[in-house]
1. Where residues in segment A:41-67 are in contact with a helix residue (DSSP H, G or I) (Cβ under 8 Å, 6 or more places away or on another chain) and assigned to a loop (DSSP other than H, G, I, E, B), which of them is farthest from A:ARG137 (Cα to Cα)?
2. Among A:GLY132, A:GLY138, which is the only one that is part of a loop (DSSP other than H, G, I, E, B), buried (at least 20 other Cβ atoms within 10 Å of the Cβ), in contact (Cβ under 8 Å) with a residue 60 or more places away in the chain and in contact with a Lys or Arg (Cβ under 6 Å, 6 or more places away or on another chain)?
3. Let me spell it out: the conditions are (1) over 22 Å from A:ASN51 (Cα atoms); (2) in contact (Cβ under 8 Å) with a residue 24 or more places away in the chain, and A:LEU148 meets all of them except one. Which number is the exception?
4. Residues in segment A:63-115 that are under 22 Å from A:ILE214 (Cβ atoms) and hydroxyl-bearing (Ser, Thr, Tyr): how many?
5. Just give me the residues in segment A:73-117 being in a helix (DSSP H, G or I) and either closer than 16 Å to A:THR58 by Cβ or within 16 Å of DNA strand B (Cβ to nearest atom) (or both), in sequence order.
6. Against the condition modelled with pLDDT under 95 and within 16 Å of DNA strand C (Cβ to nearest atom), how does A:ARG160 come out, does it pass?
7. Could you go through segment A:226-244 and let me know if any residue there is within 16 Å of DNA strand B (Cβ to nearest atom), assigned to a loop (DSSP other than H, G, I, E, B), among the charged types (D, E, K, R) and at pLDDT 95 or above.
8. Quickly run through segment A:48-72 and pick out the residues that are closer than 18 Å to A:VAL125 by Cβ and either within 15 Å of DNA strand B (Cβ to nearest atom) or not aliphatic (A, V, I, L, M) (or both).
Amino acid sequence: MPFIALPCDECVKIGGDVRSKEEKNMHRWDVTPREALRIQEELRERVLLQNRFKKIGTVAGADVSFFEDEVAAVVAVFDYETLELVDETVVTSSCTFPYIPGLLTFLEGPVLIQAFEKLTHQPDVIIFDGQGIAHPRGIGIATHLGVLLERATIGCAKARLVGEYREPQREKGSLAALTLKSTTVGAVVRTRYGVKPIFVSPGHFMNITSAIEIIMNCCTRYRLPEPIRWAHHRARQCVSHFRKDEKGGFSRMKPKQAVRGLG
DNA sequence: GCGACAG
DNA sequence: ATCTTGTCGC
């Protein structure tokens with residue numbers, strides 16, 4: 001029974017039951033691609049592209065790594081000024097949905113939400129490895145989870161999903177508008193001289209200008225903002241453990257090794 | 001029907 | 001995403 005002993009600001013009472021806002025907003029995840037589209041259409045109406053976060057004290061990076069059907073999700077929280085780590089959570093799980101362009105949230109969302117629930121320090125802003133509103137239905141993973149968690153989020157993708165743009169200049173800080181149906185949904189940002197640009201778009205409780213500014217402030221000496229780099233790095237470490245366990249396991253040992261091992 | 005297509 | 005060593009360019 002999902003009862004919470006001490007009701008607080010983060011909780012809401014419903015007929016004697018006490019549920020966190022996350023639970024109250026949650027929808028089903030065991031859905032078909034068609035049902036997933038329907039959920040996105042419903043949630044898009046709840047998106048707010050206006051800043052709704054206080055003075056930024058902390059920023060989090062969220063990412064997921066894979067090894068076959070096993071996944072490891074990491075959420076790492078950093079001090080916005082010093083970019084020092086202040087909190088981090090890891091959750092491993094198995095895939096329940098395939099990767100389908102436009103439906104990434106249904107693959108990574110469930111495990112990421114579990115990781116957020118384990119945090120001790122709730123960040124003021126969250127950066128995701130994927131799109132925000134620069135999505136065919138305006139609700140990429142950053143936007144979707146921003147609505148469910150009711151938090152300010154930013155989408156920071158390494159590649160384009162939708163939209164048109166002109167290549168930004170080679171200098172660090174160069175920008176180009178990412179346009180979809182004659183509407184600017186984000187920006188193509190050159191975070192270092194000459195490197196491949198990243199695709200920044202607001203998720204939720206955030207406007208485009210602030211999204212770009214926050215991302216730039218988190219980019220020190222690499223192409224990706226520090227929170228995302230860290231989360232990605234840690235998620236990969238976890239996945240490497242899966243590999244070792246897999247190798248040492250008996251059931252999935254490769255034929256050549258199995259034969260030798262059995263004499 | 002033919003490409004495009006976050007991770 | 002992931003498999004992967006050295007190597008070309010700033």
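The values are calculated or read from the model by the stated rules, or taken from the named source; none is laboratory data. Everything numeric in this text was worked out from a predicted model, so none of it was measured. All Cβ positions, even for glycine, are placed from backbone atoms using ideal geometry, and neighbour counts span all protein chains on display.
1. Checked segment A:41-67; the qualifying residue farthest from A:ARG137 (Cα to Cα) is A:ILE56.
2. Working: A:GLY132 fails: in contact with a Lys or Arg (Cβ under 6 Å, 6 or more places away or on another chain).
Answer to the selection: A:GLY138.
3. So the condition that A:LEU148 fails would be (1).
4. Matching residues across segment A:63-115 total 4.
5. Let us first name the residues in segment A:73-117 that are in a helix (DSSP H, G or I), namely A:105-117.
Once the filter is applied, which keeps residues that are in a helix (DSSP H, G or I) and either closer than 16 Å to A:THR58 by Cβ or within 16 Å of DNA strand B (Cβ to nearest atom) (or both), segment A:73-117 yields A:THR105, A:PHE106, A:LEU107, A:GLU108, A:GLY109, A:PRO110, A:VAL111, A:LEU112, A:ILE113, A:ALA115, A:PHE116.
6. On the way: modelled with pLDDT under 95: no; within 16 Å of DNA strand C (Cβ to nearest atom): yes.
It is false that A:ARG160 is modelled with pLDDT under 95 and within 16 Å of DNA strand C (Cβ to nearest atom).
7. Among the residues of segment A:226-244, not one is within 16 Å of DNA strand B (Cβ to nearest atom), assigned to a loop (DSSP other than H, G, I, E, B), among the charged types (D, E, K, R) and at pLDDT 95 or above, which makes the answer no.
8. Taking segment A:48-72 as the starting set, the residues that turn out to be closer than 18 Å to A:VAL125 by Cβ are A:48-63.
Once the filter is applied, which keeps residues that are closer than 18 Å to A:VAL125 by Cβ and either within 15 Å of DNA strand B (Cβ to nearest atom) or not aliphatic (A, V, I, L, M) (or both), segment A:48-72 yields A:GLN50, A:ASN51, A:ARG52, A:PHE53, A:LYS54, A:LYS55, A:GLY57, A:THR58, A:GLY61, A:ALA62, A:ASP63.
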